[in-house]
Amino acid sequence: MPNKKRMTAFYCRECGYESSRWVGQCPACHAWNTMVEAPVRESGGTARTIARGGTARAGIGLSEGRTRPVSLSEVDDAQSERWPSGYGELDRVLGGGIVRGAMVLVGGDPGIGKSTLLLQVTRNLASAGHSVLYVSGEESLQQIKLRARRIGDVPESLKFLCETDLDTISEILLSDRPEICVIDSIQTMYNSSVDSAPGSVSQVRETTGVLMRLAKEQGITFFLIGHVTKEGTVAGPRVLEHMVDTVLYFEGDRYASYRIIRGVKNRFGSTNEIGVFEMRGEGLQEVKNPSEFMLSGRPEGASGSVVSCTVDGTRAMLIEVQALVCPTNFGYPKRQATGTDYNRVSLLMAVLEKRLGIPLSSYDAYVNLAGGIRQTEPALDLGISLAVLSSFRNRPIGDRTVAFGEVGLSGEVRMVSMADIRVQEAAKLGFTTCILPASNLKGVKKPEGMELVGVRSLKEAADLTQ
Ligand code: TYD
Ligand code: MG
């Protein structure tokens, strides 16, 4: 019987959601006008590749070209070998180094520093004796050389290739067999077996599928660079998230020099870890003490400035929360949140109004996380509320005070995770008072010279900082 299966489907450019018919709004990510038509992939090609990949990693099955069920004791774990990238900040996000045969997607806005980071990492790997191929579809060799000149010496063993044709790249990979390969960027690569233009959803997915097979069968580690696209016809890296082993996003403020690399998916380690870098004239440098970096330039004795502490993975970071509260000139009060969740800020202001009787509805309020950092952890609630309160009262909160805790709708201050790490981080940076949820007190070891003040409600915290 002829196969009457549909030959095309619609994919969301933003998140890769697949639908059999066109819809105006993506049901998965709610973006408008992002569905594009593309041919359906051949009978689950990717799924099969990944299943085979599993056995390739286990070191059995592939040579015969078929798979068979095995017990875990038959699986040799020799391949869980990890290579250091030369940057502790990146290794932590990767779960302890680079895994052989892994496929790592590095996403980020154009110009944020993805090529620079990968050039520096591959330079380190090549210097450590690994064979590395850097494939660029975006820049000429001259442009790459200019960048390389800024970051210092690049060893001979690091090879570059300017190419966008996937067949040529595959051939070279099969003959040269490098241990590590960078694809800069996946959106410029072209697979002649797919009809659509480079950067389209189907091109990006098919190309990744082919590279995935190379990664698993040949044990080549891939770093795929993907530009985050706001709008337009180019598929974003989110389309690939489910295919690859590890997804890292490189973020930061265009106007600030720090860059954060955040793990959002990791088959070889925990997610939520972050690494901090600074973009300098001579490339990216690790920031080993980000709290210090974030607090530099903090005003002393200013109202509306409160230091809080967030945790990503195992990394605590002190952040300055700034608030400016002033009377509304025209009937409707203005609210603005930069770097944090707008709705959360509005909610906290409603709690302050209702539970503490602060008449914020006739005041404009601007809340900002200093340094251009983005963070939405609920543990910031107490810091945000106290910063608003401090600005409203026009009374500063002690320079050596740090505050964290989640605020509930009844104005209660709720427990947060990893309180101890936060307190130790504050102590390390010389803070002497820490306002934290009372329910967290039990789990915290008191550092020397630090006063721990447990609060049960926002009211208690407000009275403390009169
Ligand atoms: P790049 O790595 O090309 O970004 P991406 O690959 O994510 O598009 O980095 C681009 C920016 O970084 C560019 O604006 C210049 C800046 N930069 C520095 O400030 N210092 C440096 O040493 C390098 C190499 C780049
Ligand atoms: Mg680039």
**Request:** Say whether the condition of being in contact with a Pro (Cβ under 9 Å, 6 or more places away or on another chain), modelled with pLDDT under 95, crowded, with 17+ Cβ neighbours inside 10 Å and of a type in the set (G, A, S) is met by at least one residue in segment 199-210.
**Result:** yes
**Prompt:** Before we move on, is L125 within 11 Å of ligand 2 (Cβ to nearest atom) and within 17 Å of L284 (Cα to Cα)?
**Reply:** no
**Message:** Considering only segment 235-248, I want to know if a residue exists there that is modelled with pLDDT of 90 or more, within 16 Å of ligand 1 (Cβ to nearest atom) and within 11 Å of the chain's Cα centre (by Cα).
**Reply:** yes
**Residues within segment 1-57 that are modelled with pLDDT of 80 or more and within 30 Å of L72 (Cα to Cα), tallied** = 0
**Prompt:** Do we have V307 as within 23 Å of V453 (Cα to Cα) and aliphatic (A, V, I, L, M) here?
**Reply:** yes
**Prompt:** Can you tell me which residues in segment 322-362 are small (G, A, S), touching a residue at least 24 places away in the same chain (Cβ under 8 Å) and in contact with a helix residue (DSSP H, G or I) (Cβ under 9 Å, 6 or more places away or on another chain)?
**Reply:** A323, A337, G339, S361
**Fill in**
Here the residues within segment 408-424 that are crowded, with 24+ Cβ neighbours inside 10 Å and under 23 Å from R315 (Cβ atoms) are A419, R422, V423
**Prompt:** Can S308 be described as away from ligand 2 (no atom under 16 Å from the Cβ) and either among the basic types (K, R) or assigned to a loop (DSSP other than H, G, I, E, B) (or both)?
**Reply:** no
**Request:** Quickly run through segment 424-441 and pick out the residues that are free of Cβ contacts under 8 Å to residues at least 60 places away in the same chain and either on the phi < 0 side of the Ramachandran plot or part of a helix (DSSP H, G or I) (or both).
**Result:** A427, T432, T433, C434, I435, L436, P437, A438, S439, N440, L441
**Request:** For segment 90-106, state whether one or more residues are within 16 Å of ligand 2 (Cβ to nearest atom) and free of Cβ contacts under 8 Å to residues at least 40 places away in the same chain.
**Result:** no
**Message:** Under 9 Å between Cβ atoms, which residue pairs at least 6 apart in sequence (or on different chains) link something in segment 131-142 that is over 9 Å from E163 (Cα atoms) and within 14 Å of ligand 2 (Cβ to nearest atom) with a partner that is part of a helix (DSSP H, G or I) and among the basic types (K, R)?
**Reply:** E139/R147
**Complete:** The number of residues in segment 92-136 that are among the charged types (D, E, K, R), surrounded by fewer than 20 Cβ atoms within 10 Å (Cβ to Cβ) and within 23 Å of R267 (Cβ to Cβ) is 1
**Asked** Any residue at all in segment 321-328 that is outside any loop (DSSP other than H, G, I, E, B) and within 24 Å of the chain's Cα centre (by Cα)?
**Response** yes
**Prompt:** Given G383, G371, which one is assigned to a helix (DSSP H, G or I) and at pLDDT 95 or above?
**Reply:** G383
**Asked** Counting residues that are closer than 30 Å to V311 by Cα, touching a residue at least 12 places away in the same chain (Cβ under 8 Å) and within 16 Å of ligand 2 (Cβ to nearest atom), which strands (runs of 3 or more DSSP E) fully inside segment 184-296 reach at least 3?
**Response** 221-227, 246-251
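The values are calculated or read from the model by the stated rules, or taken from the named source; none is laboratory data. Because the structure is predicted, anything quoted here is derived from the model rather than measured. Cβ sites come from the backbone with ideal geometry, for glycine too, and all protein chains shown count toward neighbours.
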